Amino acid sequence: MVYDFRKIEKKWRLYWAKNGTFRADNISSKPKYYVLDMFPYPSGSGLHVGHPLGYIASDIIARYKRHKNFNVLHPQGYDSFGLPAEQYAIQTGQHPYLTTQDNITRYRDQLDQMGFSFDWKREVRTSSPDFYKWTQWIFLLLFDHYYCNESNKALPIRDLILFFEKEGNININAACSIGTKQFSADQWHAFTQDEKDEMLLNYRLTYLSESEVNWCSDLGTVLANDEIINGVSERGGYPIMKKKMKQWSMRIGAYAERLITDLDKIDWPEPLKEMQRNWIGKSVGAKVFFQIEGYDHKIEVFTTRPDTIFGVTFMTLAPELELVRVITHPDQKGEVDEYIKKTQSRTQRERLADVKKITGVFTGSYVLHPFTGERIPIWIGDYVLADYGTGAVMAVPCGDQRDYDFAKHFNIRIKNIFKGISIDKKACTDKENIIIDNSDFLTNLNHNEAMDKVIDALEESGSGTGTINYRLRDAVFSRQRYWGEPIPIYYKNQIPQPLSLQDLPLKLPEVEKYLPTKEGSPPLGNAQKWAWNTKTRKVVQNKKIDQKTVFPLELNTMPGWAGSSWYFYRYMDAQNPNSFVSKEAIDYWKDVDLYLGGSEHATGHLLYSRFWQKFLFDLKLLPVEEYAKKLINQGMILGTSAFIYRTPKSNSYVSKDLLDSVEGFEAIRVDVNLVNSSDELDIDGLRKWQKQFEFADFKKHSGVFKVGREVEKMSKSKYNVVNPDEICHRYGADTLRMYEMFLGPLEQAKPWNTAGISGVYNFLRKYWRLFYKENTWIVNDKEPSKKELKVLHETIKKVTIDIENFSFNTCVSSFMICVNELTNLNCHSREILTQLTLLLSPFAPHLAEEIWEKLGNDNTLAYAPFPLVDESHLIEKIKNYPISFNGKMRFIISLSLDLDEESIKKAVLGDDRTNEYLKGKIPKKWIIIPNKIINIVC
RNA sequence: GCUCGAGUGGUGGAAUUGGUAGACACGUUGGACUUAAAAUCCAAUGGCCAUUGUGGCCGUGCGGGUUCAAGUCCCGCCUCGAGUACCA
């Protein structure tokens, strides 16, 4: 009998589906284990071989944990709102719902094919109203809360109102928007309702504000900072401009400190945590106020170096700042206006590109130094960013290189405040080895002393305070798109008003066109029915707005990260119509034990979801402050693109080995599926593939035409996509699963290379031959020999440790060694093979189930106990050794199963590694530490 | 520029965390079986030298150091990759 993987895999796929083998229960006496994958966006091109890498790894863990008697939650779903489906809709008119539906069907087929043990009863889709109802609900909760810096958590807005009624906002310590005006209790009472609502927006955790946003005109929408790479959009690479727009934002900045400190509580990859820390960008320093000469106004700056305050020789403001227009001296107005105009018209990319070019202009006004009273000129310059700190800096050219360059360029005075340090060539940015000079009461102090003293002095004189600043900016939450969650808000007198839970879900309206309206409103502006009747609490026709009861609804939708910020809780109770997740479900499952996904989400999804988690935790809706205890980043699988080389101005191509003979050749990408594993091109296939090659001329070398190779990201446009369906068809899912694990360490990025797959395939067939010779079942009931047991138990030990450490590539090697050795020993013992099958089942589940059944078991092997190595006799042996430690020599002996005291001594004496130094110095007393391997220290 | 991470055969990668470097697999070469091919099995496979025989020397990006012992630890370089970028 041959290993017929097609038959076997089909059989078990059906069996698992029919019997609901992997359904998880919310009530169980077993300990729980929650293994989560980052859910995919179902794109039109289907899965490629890179996608399943993480799913295979998590599936191995899920199956392993089931063997270890855990109640395992291992769900899957779809992040199904998104740009591509919408752009397809714009081009073809097909509703994004249908596109998404088709893609999901395709994804599901592909996922099923690979034998994942998902509990599909718990599937979620972010674009389903049953799901986004709760996304909208969380939005409303955010709208209804503010962040109290005193108790360090989110509190209801009604508490804030009570506070305002008593004392106004002067003494409140809460997160609020920059520039929020102060008012007293009396003033609060005098406000109209609209004015109150408007004021409250400055405090709500999600708020509407006019702010500078990243506008991408090619995509027709705004983008968040993490959606921009190198000044262009992550999707499509289009230019980004700064633009003022009224937008919803999330006050994630309120949680900055907790997002940093709680990183210490979770077992996530250190590089990823570091990325989050950098992104949040905490810096400690001081706020300083500078009085503007001739105005009743102060400029507030943030600085990390208040100790250098006596070195200030000018101020620089960001050109975007409102204040600039106010304080500009009439004489300078023309120049300033022109400069502002120039900076506004530049895209972010252009601005980044000429970072080195120093530009700026003098405003003609001055501030007064808080300690010396000196007149300090105010400049504007675009090296100062409007949205970091206060958009203004106190320039200390002797202590900051950019200030130094600016001063040199415009010939501004540079004052040296560092003792014995020359600043002729460049600024001194060192903090450790300096003594302050020329600085009044700070003279002769070092950095730390000066910091403390100057902050005290600033606070005493009322011209500043010690403070902490974060780079993290509030996240823009509006998107001018159709295919996203509608924001559950309507407008009364242009003031946003929330819907309530009973009104949800606010379903997406039908539109005729998916483009913005003629007036430039987002696509939802095309909807006929899209206004809110506050009496009936229903969506009604836009057209007949009765000013008293019918109000326009919000036209923006939520960004892609909204649904993905909490989806992992919905899996716990996916079909609950009454709550986002029931109390029972959440009390049982609590949090994610293992989360697997790519590190590209470090500053997006993985930060936003932590923010929402903390918010919902503050509201006591969730039991833990961090949702994922452990996270692993699987590395990307890269494609190996193939190139052919065209001789200039011709339709003639040369084989790669002839490349030296061609000058100025042009490399052209061809489909990797037309190239075999020895890099030889299928020329006939190529002629059929694209018209341009139909009559082309191909110069071979020694009878073959070879292509060039290059490793790149796998993508459709690079023609380097390898589809898992074909691999499954040729070798089977079990081979694919094992091969992807065998390819290298999980976390590492690695190029896909089909060449090695036969090794894994041969292994599975070799394994099969332990059970069958020709057509005969050859398993016997003989007592296993010591040697056979040793091989098995060594493998059990190795594989168990490796699975626990997510080192799956070495697991596969261990299996190969084991099977080779059992083959050499001619072992067909039922006992040995039963255990080996269990060991193998997380990796090659279909094959393992088939063998399990053939071995005479009635039930699925999915829940059978994982084999253990019995080490108790070793521990006994070890106990008999006298224990002591003296000296630093150390020997390591791999303890085989039947090693006795004599053998250990012999091993130490006979070890070649014990060189002359040790001969004759055998320790009198030994300490033996039972570990993976036994260390003998003497 | 800053912050991480990585450099091991022809290739992907092992190495019990300081203890025989190159496991396992691919590829290559030779052999067996076959009319032949495929499949399968066996053997060799880091480099250099020596082979009548045991063998010897070098070798984990480069240069130093610690140690009886270094791919692994320390110092200084080089190269590549990732993230971030006028953050005051």
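Throughout, read-outs are computed from the coordinates displayed, never taken from laboratory work. Just so we're clear, the structure is a prediction, and the values are computed from it rather than from any experiment. Because the Cβ atoms are built from the backbone with ideal geometry, glycine has one as well, and the counts that use them run over all protein chains shown.
FRET efficiency for residue A:267 and residue A:446, Cβ-Cβ distance as r, R0 = 56 Å, nearest 0.05?
According to the calculation, E is roughly 0.90.
Given the C-alpha centroids of region A:696-762 and region A:192-258, what is the distance between them in whole angstrom?
One Cα centre to the other: 42 Å.
How big is chain A on each of its three principal axes, counting only the C-alpha atoms and giving the largest first in Å?
101, 82, 73
Grab the Cα-Cα distance for residue A:810 and residue A:181, subtract it from 0.36 nm times how many residues apart they are, and report the gain in nm with one decimal.
Stretched fully, the residue A:810-residue A:181 segment lengthens by 220.2 nm.
Subtract the Cα-Cα distance of residue A:492 and residue A:710 from 0.36 nm times their separation in residues, and report this length gain in nm to one decimal.
Stretched fully, the residue A:492-residue A:710 segment lengthens by 72.7 nm.
Using the alpha-carbon atoms, what tilt in degrees (0 to 90, nearest 10) does helix A:786-804 show relative to the longest principal axis of chain A?
10 degrees
Under 1.5 on a/c is rounded, so check that first for region A:220-319, then, if it is not, pick prolate when a/b is larger than b/c and oblate when it is not; a ≥ b ≥ c are the square roots of the alpha carbon gyration tensor eigenvalues.
Oblate shape, in that a/c is at least 1.5 and b/c is the bigger or equal ratio.
Which semi-axis lengths, in whole Å and largest first, follow from the square roots of five times the eigenvalues of the Cα gyration tensor of region A:749-854?
Largest first, region A:749-854 gives 23, 17, 12 Å.
What distance in nm separates the simple spin-label points at residue A:528 and residue A:112, each placed 7 Å from Cα in the Cβ direction?
3.8 nm
Order these by the 10 Å Cβ neighbour count, fewest first: A:451, A:636.
A:636, A:451
What do you get for the angle between helix A:901-910 and the principal long axis of chain A? Use alpha-carbon atoms, 0 to 90 degrees, nearest ten.
For A:901-910 against chain A, the angle is about 70 degrees.
Tell me, what does the Kirkwood hydrodynamic radius of region A:724-808 come to in angstroms if you use every pair of distinct C-alpha atoms?
Radius from the Kirkwood sum: 15.3 Å.
Report, to the nearest 10°, how far helix A:733-742 tilts away from the longest principal axis of the Cα atoms in chain A, using its own Cα long axis and a range of 0 to 90°.
With both axes taken from Cα atoms, the answer is about 70 degrees.
Take the Cβ-Cβ distance between residue A:726 and residue A:212 as r, set R0 to 45 Å, and report the resulting FRET efficiency rounded to the nearest 0.05.
Once the sixth-power term is evaluated, E becomes 0.40.
How much length is gained if the chain between residue A:749 and residue A:275 is pulled fully straight, taking 0.36 nm per residue apart and subtracting their Cα-Cα distance, in nm to one decimal?
My answer for the length gained is 168.8 nm.
When only C-alpha pairs under 8 Å and at least 6 residues apart count, what is the relative contact order of chain A, in percent?
Value for chain A: 13 percent.
Using only DSSP helix segments of four residues or longer, with each worth -39500 (n - 2.57), what per-residue ellipticity at 222 nm results for chain A after dividing by its residue count and rounding to 500?
-10000 deg cm²/dmol
Whole-Hz ³J(HN,Hα) for each residue in region A:367-374, computed from phi via Karplus 6.51 cos²θ - 1.76 cosθ + 1.60 with θ = phi - 60°, x for glycine and proline: what do you get?
Those phi angles translate into 10, 10, 5, x, 9, 9, x, 4 Hz.
What translational D, rounded to a whole number of µm²/s, comes out for region A:291-410 from Stokes-Einstein when the hydrodynamic radius is the Kirkwood one over Cα pairs, at 4 °C and 1.567 mPa s?
D = 89 µm²/s.
By counting other Cβ atoms within 10 Å of each Cβ, how are A:521, A:29 ranked from fewest to most?
In increasing order of surrounding Cβ atoms, one gets A:29, A:521.
Taking the simple approach of a point 7 Å from Cα along Cα-to-Cβ for both residue A:459 and residue A:680, what is their distance in nm?
Distance between the two pseudo-spin positions: 7.9 nm.
Report the calculated FRET efficiency for residue A:329 and residue A:549 (r = Cβ-Cβ distance, R0 = 56 Å), to the nearest 0.05.
Efficiency, rounded to the nearest 0.05: 0.60.
Got the relative contact order for region A:556-694 handy, in percent, Cα pairs under 8 Å and 6 or more residues apart?
Worked out over region A:556-694, it gives 17 percent.
Calculate the spin-label point distance for residue A:518 paired with residue A:435, positioning each point 7 Å from the Cα along the beta-carbon direction, and give it in nanometres.
Taking the simple label geometry, residue A:435 and residue A:518 are separated by 7.7 nm.
Taking only Cα atoms of region A:499-608, what ratio of Rg to Rh do you get with Rh as the Kirkwood inverse-distance radius?
1.08
What's the exposure ranking of A:841, A:599, A:717, A:579, going from fewest to most Cβ atoms within 10 Å?
The fewest-first ordering by Cβ neighbours comes to A:717, A:579, A:599, A:841.
Taking 2.2 N^0.38 Å as the expected size of a compact globular protein, what ratio does the Cα radius of gyration of region A:17-173 give against it, to two decimals?
Normalised Cα radius of gyration, region A:17-173: 1.45.
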